[in-house]
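Enquirer: Please see the structure below; I have some questions.
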Amino acid sequence: NEPIAAANVFGEIDMLILNGDIADNSSFEENFVKIHFLAGEISKGKIPVVFARGNHDMRGGCADKFSDNTPTNNGLSYYTVKFKRLWLLILDCGEDKVDAHAEYSNTIRCHYFRRMEDKFLKEVADKGEYLNPDYIKRLVVCHIPFTNRHKNEEWAIEKELYSEWGKLLKEKIKPSLMICGHLHKKSINPIGSEFDMLNQPSTLVVGSEVTAEKYEGAGFVFYDDKTEVQFTDNLGNKSEITKIC
């Protein structure tokens, strides 16, 4: 209910982005209903909903059914989206620790998964569909902000691969904005800030914050020459609007 209230504070929207980890895990199929309930209450079935998988979505006995219950491209959780004058690249980092971590009990192969995704990303960069002049903004949506390296080495995985992804995005696709989640603390991070560790290709917004008192989400307004970001929470508060060129 809190994310729904926060979205309503922002006002009317044209598209909804859900950036993973709606439920804490995928232990029960009922947890998938939470995703559709949230999407339905905000969109009312009248606007498109873009979904990126989170790392917690991969945990639990029903995780292998996750792609059957959420948007994919022929079962793949990484894909591109074209909506009006926006071009979006949806990425999926999988889990946030190495495959051999005891928490996963040898049930995942995220390193292999990311290598397959790496091929996809290079194909997208080479095809150049994002170069269409009709697109005023190119957005990267990914649950984990992979160009930021976690201070705890347990979570600081795939340094070489994520650095390559950042470099490819920066040099070829040149996104206008990255929209992420995962950290439970909102932030707006320009290129070259302390947050930028692995070739961050654009300003990166961590678009949500969760505390015991409130939920806060991010709204975006896109213009030809700028983007406006505003955070809203379920208590009715709105942040100052931040302009990103």
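Enquirer: Filter the stretch 149-175 down to residues that are open to solvent by less than 40 Å² (accessible area, probe 1.4 Å) and in a loop (DSSP other than H, G, I, E, B) and give me whichever is modelled with the highest pLDDT.
Expert: Across the stretch 149-175, the extreme among qualifying residues is Pro175.
Enquirer: So which residues in the stretch 100-135 are open to solvent by 60 Å² or more (accessible area, probe 1.4 Å) and in contact with a Leu (Cβ under 9 Å, 6 or more places away or on another chain)?
Expert: Answer for the stretch 100-135, where residues must be open to solvent by 60 Å² or more (accessible area, probe 1.4 Å) and in contact with a Leu (Cβ under 9 Å, 6 or more places away or on another chain): His111, Arg115, Met116, Lys122.
Enquirer: Follow-up. Looking at the stretch 46-96, which of its residues are closer than 20 Å to Pro145 by Cα, touching a helix residue (DSSP H, G or I) at 6+ places or on another chain (Cβ under 7 Å) and polar (S, T, N, Q)?
Expert: Ser77, Thr80
Enquirer: Additional query: State which residue is nearest to the chain's Cα centre (by Cα) when the search covers only the stretch 197-236 and only residues that are farther than 23 Å from Glu12 by Cα and surrounded by 19 or more Cβ atoms within 10 Å (Cβ to Cβ).
Expert: Leu204
Enquirer: Please determine, by comparing only the residues of the stretch 13-53 that are of a type in the set (Asp, Glu) and within 19 Å of Glu95 (Cβ to Cβ), which one is most open to solvent (accessible area, probe 1.4 Å).
Expert: Asp24
Enquirer: Is it fair to say Ile4 is closer than 25 Å to Arg59 by Cβ, out of contact with any Gly (no Cβ under 6 Å at 6 or more places or on another chain), among the β-branched types (Val, Ile, Thr) and surrounded by 19 or more Cβ atoms within 10 Å (Cβ to Cβ)?
Expert: No; evaluated as a whole, the condition is false for this residue.
Enquirer: Checking the conditions here, which among Gly61, Gly11 is of a type outside the set (Val, Ile, Thr), closer than 21 Å to Asp96 by Cβ and modelled with pLDDT under 95?
Expert: Going through Gly61, Gly11 in turn, the sole match is Gly61.
Enquirer: Take the conditions among the aliphatic types (A, V, I, L, M) and at pLDDT below 95 and apply them to Ala212. Does it pass?
Expert: For Ala212, the condition - among the aliphatic types (A, V, I, L, M) and at pLDDT below 95 - is met.
Enquirer: Collect the residues in the stretch 25-45 that are in contact with a helix residue (DSSP H, G or I) (Cβ under 8 Å, 6 or more places away or on another chain) and either under 30 Å from Lys119 (Cβ atoms) or outside any loop (DSSP other than H, G, I, E, B) (or both), keeping them in residue-number order.
Expert: Correct list: Asn25, Ser26, Phe32, Leu38, Glu41, Ile42.
Enquirer: Being within 19 Å of Tyr78 (Cα to Cα) and in a loop (DSSP other than H, G, I, E, B) is the requirement here; does Ile22 meet it?
Expert: Yes, satisfied.
The values are calculated or read from the model by the stated rules, or taken from the named source; none is laboratory data. Here the structure is a predicted model, which means the values were calculated and not measured. With ideal geometry, Cβ positions are generated from the backbone for all residues, glycine too; neighbour counts draw on all protein chains shown. Remember, those area values only see protein heavy atoms, side chains included, never the ligands or the DNA or RNA. Shrake-Rupley method; radii C 1.70, N 1.55, O 1.52, S 1.80 Å.
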